[in-house]
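K.L.:
Okay, handing you the structure first.
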Amino acid sequence: NVRGPSADPKVLRMRLSDANGSAQVQGDGELPGKVNYFIGSDPSSWRSDISTYARVRYTDVYPGVDVVYYGNQRQLEYDFVFAPQRDVAAVKLQFDGADSIEVNAEGDLVLGLADRVIRQPKPVAYQDLNGTRRKVEASYNVDAKGQVRFTVGEYDHDQTLVIDPVLVYSTYL
């Protein structure tokens, strides 16, 4: 939510186009702490001893593709995890509310919103093969519909591939 020049709020929403709306959601990496929610005056609606997790995984948002959300040093991160033999072209990101969408010379995705810019650095892609992380070249591609897709270089299609974009946001959000 960003305030534009006229002080009207502007909202940017990222959604996964043509994704599975029934994707299963699960906590991943249970943390040691528990939380309680004592909201309202009706004890029957209170919740206690709720587990917390380091990550949230949406399973099969596209066939064989999971999305994992987590925080990392005050940044929101989300990884696309592709099972073997899955096509990265299946993932289509739509940014509703963006006035402009482009890829700059550094390979970053630049979203114009009112008089502000929201930037996602060039994605990082990798495979963990035999205990070694192998980098895979990756980039953004904006199609004619304004949807953002990934393009990747050579990789082992018989192994899991991870694409890791990072959302860089400012105090305006």
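The values are calculated or read from the model by the stated rules, or taken from the named source; none is laboratory data. As the structure is a computational prediction, the values presented were derived from the model and not from experiment. Ideal geometry is used to build each Cβ from the backbone, glycine not excepted, and the neighbour counts take in all protein chains shown. Please note that ligands, DNA and RNA were not included when accessible areas were found on the heavy atoms of the full protein model with its side chains. Shrake-Rupley method; radii C 1.70, N 1.55, O 1.52, S 1.80 Å.
K.L.:
Relative contact order, percent, of the stretch 84-173 when contacts are C-alpha pairs under 8 Å separated by at least 6 residues?
P.N.:
Computed over the stretch 84-173, the figure is 31 percent.
K.L.:
If you don't mind, there's one more thing I want to ask. Return the lysines within reach of K135: Cα separation strictly under 23 angstrom, same-chain partners fewer than 8 residues apart disregarded; answer none if there are no such residues.
P.N.:
In chain and number order, the partners are K92, K122.
K.L.:
In square angstrom, what is the accessible area per residue of the chain with a 1.4 angstrom probe?
P.N.:
60 Å²
K.L.:
Shifting gears a bit: For the stretch 1-89, what does the alpha-carbon gyration tensor say about shape, rounded, prolate or oblate, given a ≥ b ≥ c as the root eigenvalues, a/c under 1.5 as rounded, and a/b over b/c as prolate?
P.N.:
oblate
K.L.:
Starting from the Cα gyration tensor of the stretch 78-173, multiply each eigenvalue by 5, take the square root, and state the resulting semi-axes largest first in whole Å.
P.N.:
Here the semi-axes work out to 27, 14, 11 Å.
K.L.:
How many percent of the accessible area of the stretch 34-132 is carbon or sulfur, using a 1.4 Å probe?
P.N.:
Roughly 49 percent of what the probe reaches on the stretch 34-132 is carbon or sulfur.
K.L.:
In percent, what relative contact order does the chain have, based on Cα pairs under 8 Å that are 6 or more apart in sequence?
P.N.:
Computed over the chain, the figure is 22 percent.
K.L.:
Using Cα positions and a limit of under 15 Å, work out the aspartates and glutamates in reach of K10, with same-chain residues fewer than 8 apart set aside.
P.N.:
Those aspartates and glutamates meeting the cut-off are D96, D99, D115.
K.L.:
Rounded, prolate or oblate: pick one for the chain, where a ≥ b ≥ c are the square roots of the eigenvalues of its C-alpha gyration tensor, a/c under 1.5 means rounded, and failing that, prolate if a/b is larger than b/c, else oblate.
P.N.:
The shape class here is oblate.
K.L.:
Test of understanding: given the chain, find the longest segment containing no trypsin sites (Lys or Arg not before Pro) that are in a DSSP loop and have at most 10 other Cβ atoms within 10 Å.
P.N.:
1-73
K.L.:
Could you please report the charge total around V67, scoring K, R as +1 and D, E as -1 over all other residues with beta-carbon less than 12 angstrom from its beta-carbon?
P.N.:
In short, -3.
K.L.:
Can you give the longest stretch of the chain with no exposed loop site, where a site means chymotrypsin sites (Phe, Trp or Tyr not before Pro) in a DSSP loop (not H, G, I, E or B) with at most 16 other C-beta atoms within 10 Å?
P.N.:
47-168
K.L.:
Mind putting a number on the dipole of the stretch 1-136 about its Cα centre? Charges go on the C-beta only, +1 for Lys and Arg and -1 for Asp and Glu, and I need it in Debye to the nearest 20.
P.N.:
260 debye
K.L.:
Let me ask something else about it. Let me make sure I get this right: for the stretch 48-101, a, b and c are the square roots of the gyration tensor eigenvalues over alpha carbons, sorted descending. Under 1.5 in a/c it's rounded, otherwise prolate if a/b > b/c, else oblate. Which is it?
P.N.:
Note, shape of the stretch 48-101 comes out oblate.
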